[in-house]
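The values are calculated or read from the model by the stated rules, or taken from the named source; none is laboratory data. Just so we're clear, the structure is a prediction, and the values are computed from it rather than from any experiment. Neighbour counts are summed over all protein chains in view; Cβ atoms, including those assigned to glycine, are modelled from backbone coordinates with ideal geometry. Ligands, DNA and RNA are excluded from the accessible area calculation, which covers all protein heavy atoms including side chains. Shrake-Rupley method; radii C 1.70, N 1.55, O 1.52, S 1.80 Å.
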Protein chains: 2
Amino acid sequence: MEAVAEQSKSALKKAEKQAKFAADKAAKAAKKQALPVVGGKKADEIIGITNSKAENFSAWYQEVVLKAEMVEYYQEISGFFVLRPLSMHIWSTIRKWFQGHIEELGVEEASFPLFLSKTSLDKEKDHVDGFAPELAWVERAGDKKLDVPVAIRPTSEAVMYPYYAKWIRSHRDLPLRLNQWNSVVRWEAKQTTPFLRTREFLWQEGHTAHLTEELAGKEVLEILELYAGVYEQLLAVPVVRGRKTENEKFAGGYYTTTVEGYIPSNGRGIQGATSHCLGQNFSKMFQITVEDPQNKGQHVHVWQNSWGLSTRVIGVMVMVHGDDKGLVLPPRIAQTQAIFVPVGINKNTTPEDRKKHEDQMEDMRATLKKVGVRSQSDWREGYTPAWKFNDWEMKGVPLRLEFGPKDAAKEVVSFSRRDTGEKGTIPIAEIGTKIPELLETIQADMYKKAEASFTEHRKKITKWEDVLPALDDKHVVLIPFCLDGKCEDRIKELTTRAEDNRDVAENQKLPSMGMKSLCIPFEQPEGSELVPGETACLNPECSGKAQKWVMFGRSY
Amino acid sequence: MEAVAEQSKSALKKAEKQAKFAADKAAKAAKKQALPVVGGKKADEIIGITNSKAENFSAWYQEVVLKAEMVEYYQEISGFFVLRPLSMHIWSTIRKWFQGHIEELGVEEASFPLFLSKTSLDKEKDHVDGFAPELAWVERAGDKKLDVPVAIRPTSEAVMYPYYAKWIRSHRDLPLRLNQWNSVVRWEAKQTTPFLRTREFLWQEGHTAHLTEELAGKEVLEILELYAGVYEQLLAVPVVRGRKTENEKFAGGYYTTTVEGYIPSNGRGIQGATSHCLGQNFSKMFQITVEDPQNKGQHVHVWQNSWGLSTRVIGVMVMVHGDDKGLVLPPRIAQTQAIFVPVGINKNTTPEDRKKHEDQMEDMRATLKKVGVRSQSDWREGYTPAWKFNDWEMKGVPLRLEFGPKDAAKEVVSFSRRDTGEKGTIPIAEIGTKIPELLETIQADMYKKAEASFTEHRKKITKWEDVLPALDDKHVVLIPFCLDGKCEDRIKELTTRAEDNRDVAENQKLPSMGMKSLCIPFEQPEGSELVPGETACLNPECSGKAQKWVMFGRSY
């Protein structure tokens, strides 16, 4: 065990060094790119993303989130990241949207402390054991040792539920539905990746208590639908709604529902967000009971849910939409939806003409502001329009609006879509209606494109030998599955490329990673290939009968 | 020193025990109060606030915030509190309001890590020294010792400014204006009080960088005005805007501006929120420079500001408005602005009549919702209307709306104002206009009342011998002051009641606490009693000349 720990530690160190190297390199590149153009030299060559999304996806991702100014590596402590305004705009848009919806449902906001005491952790060891290796411990304040060490919350069940037991005194106190927006700390040993796996992340965690399983179950699905809404309506990312298998559900819970995403570039599935029914497990642990209104004198344990959505969603969005020019942002969550770039304005332009041009642009911006469009204008001096185009493309701004004397003469503004590169003109008199429409079109088209890709790569498989080729073709697969946990473990082993095949695989750039179950989709495929309880489970070693189509894939 | 530490430790233990005792007592009382009425017994006697605001202010405060369900003591770790929905509604209302305003100013949102490394802390020792005794240290994650210990941020200057140095490469990157909403940890040794002094608290911290002192100074005041707006427009609490003396300013900064509140019950001043100009102190420490656009080749250090507003504001609001019945909430920040209580509905009411009554009430609620009024209806069974009245009064709901068959017959709803107790009726047909108006009237009246009290207790003093009597009469005082730091220290000593006077004071319940400077009000009193540089400083031992009227007081 010790040796393994040492090994993974050294792997981690190596990974961290690589990440830091990449970060430094990117920072240097960023510094370069900020140099103004001197003496008419074309600066276009020294800007932009240097890694190819198709060829080196992981490096591409890290370069994009850095150069687009979404994150900054926190040099002081590895595994931590600064979220810059472009990211925080996305998160706060999601927050407002989700908060509005849960308020309508009757969920209230609360704020519980950052720390858990060792004493209360010891009380519910089972739940905590999974988090134990990742707990950050405070044992000293100032120069005084604390009597009892405290851990920073990795999640707040153990912080909150003692108070649920105190506050819930009667069935009239139900449902109790609280949510908090906070950050949690999980001191990961694995390599960290911006947004996807970080030692601190922002999230919301909802914790609710209900009288019956039915009421709890209804909420689980309502929240899951809101999570799907965050992906589909805001981030233009399609997801599959489903239930986790027993192997993949939240350890302390009863069942877990999930929205699952798909990364086309590497064909990997990615968990989007989960909404858990905890059943009565925690209410038994924390003694949260009420008198049964149907059976006076009898006490029942309440039914609990917990559900969380984290800044991971931003990473998924970047991976799905980005391209070799950088970030591509869906308009609804873009901090800047449209960027005005003046063209044809140069040293020969008179100050009067320049002023007039500026005023026209500001008028357009004011018109757009009135209809709720967030625009900026880029009057930075010393940069060519082409350099600016690249810069804003890298940052993912959905719509570029070029405006020059020629446009002014025709009373139009020229546009260029970030997602498709499509170009055209819009009469200035119509921008108040046409540009909001165009932004919604971009939003819809981005979703459609991602949806088509996910649909195309979600493949129904009925022969075992088709599994590995499908994974190598960047599919996630739907297979008839018996739902047994041991069978699931075995499927992962069977789809992991054996040592002796690795060299071949590496030459062909095929991953060795085995597949795991992503979810049991609520929407089961049509067709007669699976008759529950009769059709055989796809695993050739399994003698069980298939119960459901289950989505499997290589995954994050 | 050790002895002193021991002494203060034992005092702390004692204080904590007292607080816990109070909390337990309050919790027991709360449990009692939740018992339904059985057999027609009057439950009114066992509900409500037991401490008098006038006679035992501190106990009254702690009882109110607990029983009104604003906070819960975190039993697991002392000095921490759970903020319950009623508090979080206030905080999130403030957050939305402030966030909207700073966005308009061009401030962007960011999120920096929770931790500071020991290495970076050591770099800027001077700034950190003040916080050192309160830093919570993480030295272990899981069962691994960290190579370098990390501290939880007590504030984020040292976390953020290395990145300001990195991001600010040219004057075109200015201003850089970032704000984050987070929680910080200061492991206070002093006794904690909900909202006012807690070991973790929620706040926003804005950190900005500007090219010139003038631009920085302009922002300092714009933000201060927003802080005043939070108090005056949302919380109905009057404040005095001013500048801190050198003694009282933020240690690392250039100058500090502040909004100062006043607690009528004990005549103490309380710092509301501060907006600091840091000058170039931090930009020198962190080497944040740009090329001077006026002098090519010359580098200048940027001018920085920082400003913060915390959940303390909620405590100030409770202290100013609350009364012996409990909390009194200004309508703009009340989670429930109007509570419908059915009256005259009893065992003899037919189910049809009851249903009709319920429907009428729901119709009214729908009407109010349309005009943006947040209302609830209290149909809890087993409680008398009188018990419900008390319960909602304790929770501070601004407006009670009673509705019974008699009201229905007259097509009116009866109201009772929480702030004044005033009663009346409103025709149902007019509630959509009259109730929003009434809520705004309540908001305005609460502010006026608090304003009158602050104005009345802000006393211009020109004779030293009038100072102590004024303080004992619960005034804060405006005195001609030389602005010298040592003189200020001496004033505090001179106004601290000497040991031999303490017995007398204690018999008369007069505090021994000396006064400190609260601020140099921007709005200086009119009148010829102070000629700057000529009038003597009020301190009889001081030979200096007064420069300004300065507000002094006993304070939090």
Checklist entry - Residues of region B:300-314 being open to solvent by 10 Å² or more (accessible area, probe 1.4 Å) and touching a residue at least 24 places away in the same chain (Cβ under 8 Å), which ones? => result B:300, B:303, B:308, B:310, B:312
Checklist entry - What number of residues within region A:317-332 satisfy the criterion of being surrounded by fewer than 24 Cβ atoms within 10 Å (Cβ to Cβ) and under 13 Å from the mean Cα position of the chain (by Cα)? => result 1
Next on the checklist: Residue pairs, Cβ under 8 Å, 6 or more apart or interchain, first in region A:366-384 and modelled with pLDDT of 95 or more, second in a loop (DSSP other than H, G, I, E, B) and of a type outside the set (Lys, Arg). List them.
Outcome noted: A:373/A:337; A:374/A:334; A:374/A:335; A:374/A:336; A:374/A:337; A:375/A:336; A:375/A:337; A:376/A:336
Checklist entry - Within region B:165-178, is even one residue aromatic (Phe, Trp, Tyr) and either open to solvent by 30 Å² or more (accessible area, probe 1.4 Å) or away from chain A (no Cβ under 12 Å) (or both)? => result no
Checklist entry - Under the condition of being among the charged types (D, E, K, R) and over 22 Å from residue B:176 (Cβ atoms), which residue from region B:253-296 is surrounded by the fewest Cβ atoms within 10 Å (Cβ to Cβ)? => result B:268
Checklist outcome for this item: Across (1) at the interface with chain A (Cβ under 9 Å from one of its Cβ atoms); (2) open to solvent by 10 Å² or more (accessible area, probe 1.4 Å); (3) free of Cβ contacts under 8 Å to residues at least 24 places away in the same chain; (4) out of contact with any Leu (no Cβ under 7 Å at 6 or more places or on another chain), residue B:82 clears everything bar (2)
Checklist outcome for this item: Within region A:179-193, the residues that are closer than 24 Å to residue B:91 by Cα and either open to solvent by less than 30 Å² (accessible area, probe 1.4 Å) or not aromatic (Phe, Trp, Tyr) (or both) are A:179, A:180, A:182, A:183, A:184, A:185
Checklist entry - Looking at this structure, is residue A:528 outside the structural domain of residue A:195 (by the TED database) and open to solvent by 60 Å² or more (accessible area, probe 1.4 Å)? => result yes
Checklist entry - What number of residues within region B:535-556 are out of contact with any Cys (no Cβ under 7 Å at 6 or more places or on another chain), modelled with pLDDT of 95 or more and not polar (S, T, N, Q)? => result 10
Checklist entry - Looking at (1) open to solvent by 60 Å² or more (accessible area, probe 1.4 Å); (2) under 21 Å from residue A:413 (Cβ atoms), can you tell me which one residue A:344 breaks? => result (1)
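Rundown of residues vs (1) within 14 Å of another protein chain (Cβ to nearest Cβ); (2) in a loop (DSSP other than H, G, I, E, B), yes/no style:
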| position | (1), (2) |
| --- | --- |
| A:184 | yes, no |
| A:188 | yes, yes |
| A:201 | yes, no |
| A:216 | no, no |
| A:226 | no, no |
| A:231 | no, no |
| A:238 | no, yes |
| A:245 | no, yes |
| A:251 | no, yes |
Checklist entry - For residue B:545, which of the numbered conditions (1) open to solvent by 40 Å² or more (accessible area, probe 1.4 Å); (2) touching a Lys or Arg at 6+ places or on another chain (Cβ under 9 Å); (3) on the phi < 0 side of the Ramachandran plot fails to hold? => result (2)
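Yes/no matrix, rows are residues, columns are (1) among the small types (Gly, Ala, Ser); (2) open to solvent by less than 60 Å² (accessible area, probe 1.4 Å); (3) more than 8 Å from every other protein chain (Cβ to nearest Cβ):
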| site | (1), (2), (3) |
| --- | --- |
| B:88 | no, yes, no |
| B:94 | no, yes, yes |
| B:104 | no, no, yes |
| B:113 | no, yes, no |
| B:122 | no, no, yes |
| B:125 | no, no, yes |
Next on the checklist: Looking only at region A:267-286, count every residue that is in a loop (DSSP other than H, G, I, E, B) and modelled with pLDDT under 95 and tell me the total.
Outcome noted: 1
Checklist entry - Would a scan of region B:130-143 turn up a residue that is more than 10 Å from every other protein chain (Cβ to nearest Cβ), surrounded by fewer than 22 Cβ atoms within 10 Å (Cβ to Cβ) and in contact (Cβ under 8 Å) with a residue 40 or more places away in the chain? => result yes
Next on the checklist: I'd like the full set of residues that are of a type outside the set (D, E, K, R) and in contact (Cβ under 8 Å) with a residue 12 or more places away in the chain, limited to region A:165-182.
Outcome noted: A:165, A:168, A:170, A:171, A:174, A:175, A:176, A:178, A:179, A:180, A:181, A:182
Checklist entry - Does residue A:354 satisfy the condition of being surrounded by 14 or more Cβ atoms within 10 Å (Cβ to Cβ) and over 30 Å from residue A:442 (Cα atoms)? => result yes
Checklist entry - With respect to the numbered conditions (1) at the interface with chain A (Cβ under 7 Å from one of its Cβ atoms); (2) open to solvent by 30 Å² or more (accessible area, probe 1.4 Å), which one is the sole condition not fulfilled by residue B:118? => result (1)
Checklist entry - Scanning for something at pLDDT 95 or above, closer than 21 Å to residue B:186 by Cα and among the small types (Gly, Ala, Ser), does region A:113-134 turn up at least one residue? => result no
Item to check | Among the residues listed as B:483, B:438, B:468, the single one being in a helix (DSSP H, G or I) and over 26 Å from the mean Cα position of the chain (by Cα) | outcome: B:468
Next on the checklist: Among the residues that make up region B:445-461, is at least one of them free of Cβ contacts under 8 Å to residues at least 24 places away in the same chain, within 29 Å of the chain's Cα centre (by Cα) and assigned to a strand (DSSP E or B)?
Outcome noted: yes
Checklist entry - Going by the structure shown, is residue A:76 modelled with pLDDT under 95, touching a strand residue (DSSP E or B) at 6+ places or on another chain (Cβ under 6 Å) and open to solvent by 30 Å² or more (accessible area, probe 1.4 Å)? => result yes
Checklist entry - So, of the residues in region A:147-164 that are in contact (Cβ under 8 Å) with a residue 60 or more places away in the chain and more than 8 Å from chain B (Cβ to nearest Cβ), which turns out to be farthest from the chain's Cα centre (by Cα)? => result A:164
